[in-house]
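Contents: one structure, followed by commentary.
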Amino acid sequence: MIRSVSSQRRPWIPRGTVLVAVFATACAGLLPESEPHPPGCGPGVQARSSVQEPMVRVAPKLPPSARRNASQGFVCMNFTVQPDGSVADICVADQLPTTGLFDRQAAEALSQWKFERGAAAYPNGACMQFYTQ
């Protein structure tokens with residue numbers, strides 16, 4: 001006998017468990033307020049232009065406070081691409097607003113980018129825009 005998908009029995013999961021799992025998953029990528037801001041690149045340091053596109057690009061998350069206030073802005077960061085393709089030495093070259101509203105999420109996303117392997121480390125840079133929809 002062939003049964004349709006809708007008539008198959010599904011395992012029982014308490015609703016509270018599902019709610020906790022959804023809430024934990026949604027909040028997993030958010031940095032706590034106690035997390036330090038990424039360092040600034042120093043006075044007079046210009047934001048670098050990207051010289052190579054990453055193979056893996058992780059988009060930054062919009063902070064909850066920015067979503068509530070419909071805040072917009074950008075963060076430009078300089079960094080070094082290591083010989084293994086990972087990102088290191090992240091620093092904030094420019095940002096708006098200057099209060100550091102978006103820098104944590106931008107640095108967290110950038111730290112997950114992956115580039116092609118190379119013979120030596122090289123400097124790179126990227127700007128990320130944040131806006132509410």
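What number goes with the only condition from (1) surrounded by 11 or more Cβ atoms within 10 Å (Cβ to Cβ); (2) modelled with pLDDT under 95 that residue 53 does not pass?
Here residue 53 meets the rest and fails (1).
Would you point out the residue of region 85-133, among those that are assigned to a helix (DSSP H, G or I) and either touching a His at 6+ places or on another chain (Cβ under 7 Å) or of a type in the set (A, V, I, L, M, F, W, C) (or both), that is nearest to residue 54 (Cα to Cα)?
Out of the qualifying residues, it is 110.
Residues being more than 14 Å from the chain's Cα centre (by Cα) and without any contact (Cβ under 8 Å) to a residue 40 or more places away in the chain: count how many of those fall in region 83-133.
16
Would you confirm, using the coordinates I've provided, whether residue 120 is modelled with pLDDT under 95, of a type in the set (A, V, I, L, M) and surrounded by fewer than 18 Cβ atoms within 10 Å (Cβ to Cβ)?
Against the criterion (modelled with pLDDT under 95, of a type in the set (A, V, I, L, M) and surrounded by fewer than 18 Cβ atoms within 10 Å (Cβ to Cβ)), residue 120 does not qualify.
Tally the residues that are assigned to a loop (DSSP other than H, G, I, E, B) and surrounded by 14 or more Cβ atoms within 10 Å (Cβ to Cβ), restricting the search to region 58-84.
Total meeting the criteria: 8.
The values are calculated or read from the model by the stated rules, or taken from the named source; none is laboratory data. Bear in mind that the values here come from a model prediction, so they are computed numbers and not experimental data. Here Cβ is always computed from backbone atoms with ideal geometry, including for glycine, and neighbour counts include all displayed protein chains.
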